[in-house]
Amino acid sequence: MAFRFLHIADLHLATVFGGRPETQARLREAVLEAFEAAIDLATREDLHALLIAGDAFDDTDLSRSVELRFRRGIQRCAEAGVHVLYCCGNHDPGGAAFRAAKLDLTGEAAWQARVHLFARGTPRAVTITDGTGEEVGIVVGIGHSKVGVDVDLVAKLGPQDTKLPVVGLVHTQVVGVSAEDKHEVYAPSTKASFQQAGYDYWALGHVHRRQRVFDDLPVWYAGNLQGRNPKPSEGGPKGGLLVELEAGLPAEPQFVGLAPV
C-alpha cells in the first residue's frame with residue numbers, strides 16, 4: 001500500500017501585511033483559507049498524513065483567534081483519522097518559551113494521539129498507520145527549538161531499518177538552492193546530508209519557491225501556502241504537494257493549488 005500524504009510548509013499565519021487596510025485583511029484571511037483548504041483536501045481524499053514543514057506562524061504575531069483556527073483545523077484533520085506531523089521552524093520554534101509549545105496539540109484526547117509535534121533538535125521517528133492499523137510509512141522529523149539554529153539538522157537524521165517508505169520532515173536552508181538569497185540561512189544543509197540517510201522523500205520548509213532541490217534525490221520544497229508580496233518567489237499558484245509513496249520507487253508529487261489569492 002502506498003503512503004499517501006500532503007506536504008505543506010511556510011503558512012506564516014497572522015502575517016502582518018502592508019498595503020491598504022482592505023488588502024491587508026483579505027491577505028490575512030487568504031492564508032487561513034489556504035490552510036483550511038489543505039485540511040479539507042487531507043480529509044476528503046482520506047490521506048494517511050498531513051505534513052507541515054515549519055513556519056506555520058510567526059511566533060510574536062500570532063493572535064488568539066488565529067491560534068484557535070489553526071488548532072481547530074489540526075483537530076478536525078486528526079479526528080478524521082489523518083495523522084498531522086508538524087516540525088517547528090525558525091519563525092515558530094518549539095522551545096518551552098515559545099508559542100508552538102503552548103498550543104496544546106498533543107495530550108490525552110483521542111485525536112491528539114494522531115498529532116506529532118517535532119519541537120526539538122533531536123530526531124524522532126513516527127510510524128504512520130491507516131484506518132485499519134496497518135503500517136504504511138515512517139516520518140522522521142526534527143525541529144527548531146530556538147530562533148537562529150545554525151547546525152545541519154538534516155545530518156542528524158540517520159537511516160531507518162525498515163521496508164516501509166521513509167519521509168524526512170525538516171525546516172532547512174539547503175545550500176545553493178534556487179531563491180536561497182531570499183531567506184535567512186537557518187539550519188543549513190548539504191546534499192551529502194540527504195544522501196547519507198537514504199530516505200524515499202524529503203518534505204522541506206523555509207524556501208518559498210516550490211521546487212525539487214536535486215535532480216537525483218527526492219528532496220522537495222512545497223513552497224509557501226499563500227503568496228505574501230509581489231516578489232518573484234512569492235508569485236504564481238501556491239499550495240501543497242500531494243504524494244503517493246512506495247519504498248524504493250521514485251516519488252512524483254502532484255502540486256495542488258490551495259491559495260485563494
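The values are calculated or read from the model by the stated rules, or taken from the named source; none is laboratory data. The structure displayed is predicted, hence computed values, not measured ones. Note that each Cβ is placed from the backbone with ideal geometry, even for glycine, and that neighbours are counted across all protein chains shown. Surface accessibility is based on the protein's heavy atoms, side chains included, excluding ligands, DNA and RNA. Shrake-Rupley method; radii C 1.70, N 1.55, O 1.52, S 1.80 Å.
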Report summary line: The lone condition residue 159 fails out of (1) under 23 Å from residue 81 (Cα atoms); (2) in contact with a helix residue (DSSP H, G or I) (Cβ under 8 Å, 6 or more places away or on another chain); (3) surrounded by fewer than 17 Cβ atoms within 10 Å (Cβ to Cβ); (4) not acidic (Asp, Glu) is (1)
Query raised in the report: Can you tell me which residues in region 10-48 are closer than 22 Å to residue 112 by Cβ and under 11 Å from the mean Cα position of the chain (by Cα)?
Result: 11
Requested in this report: With respect to residue 73, determine if the residue is farther than 21 Å from residue 204 by Cβ and either buried (at least 18 other Cβ atoms within 10 Å of the Cβ) or in contact with a helix residue (DSSP H, G or I) (Cβ under 8 Å, 6 or more places away or on another chain) (or both).
Outcome: yes
Requested in this report: Would you please name the residue that is nearest to residue 1 (Cα to Cα), looking only at residues in region 32-91 that are without any contact (Cβ under 8 Å) to a residue 24 or more places away in the chain and among the basic types (Lys, Arg)?
Outcome: 44
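Go through the residues of region 200-210 one by one and say whether even a single one is part of a strand (DSSP E or B), open to solvent by 20 Å² or more (accessible area, probe 1.4 Å), in contact with a Lys or Arg (Cβ under 8 Å, 6 or more places away or on another chain) and of a type in the set (D, E, K, R).
If we filter region 200-210 for residues that are part of a strand (DSSP E or B), which is where we start, we get 201-205.
Among the residues that remain, those that are also open to solvent by 20 Å² or more (accessible area, probe 1.4 Å) are: none.
Within region 200-210, not a single residue is part of a strand (DSSP E or B), open to solvent by 20 Å² or more (accessible area, probe 1.4 Å), in contact with a Lys or Arg (Cβ under 8 Å, 6 or more places away or on another chain) and of a type in the set (D, E, K, R).
So, residue 55, is that one more than 15 Å from residue 258 (Cβ to Cβ), among the acidic types (Asp, Glu) and open to solvent by 30 Å² or more (accessible area, probe 1.4 Å) or not?
Here the answer is no, as residue 55 does not meet what is asked.
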**Report entry** Identity of the residue in region 217-261, within 22 Å of residue 50 (Cβ to Cβ), not hydrophobic (A, V, I, L, M, F, W, C) and not in a loop (DSSP other than H, G, I, E, B), that ends up most open to solvent (accessible area, probe 1.4 Å)
**Finding:** 244
Requested in this report: Those residues that are surrounded by 20 or more Cβ atoms within 10 Å (Cβ to Cβ) and not in a strand (DSSP E or B), I need them from region 1-13; list them, please.
Outcome: 10, 11, 12
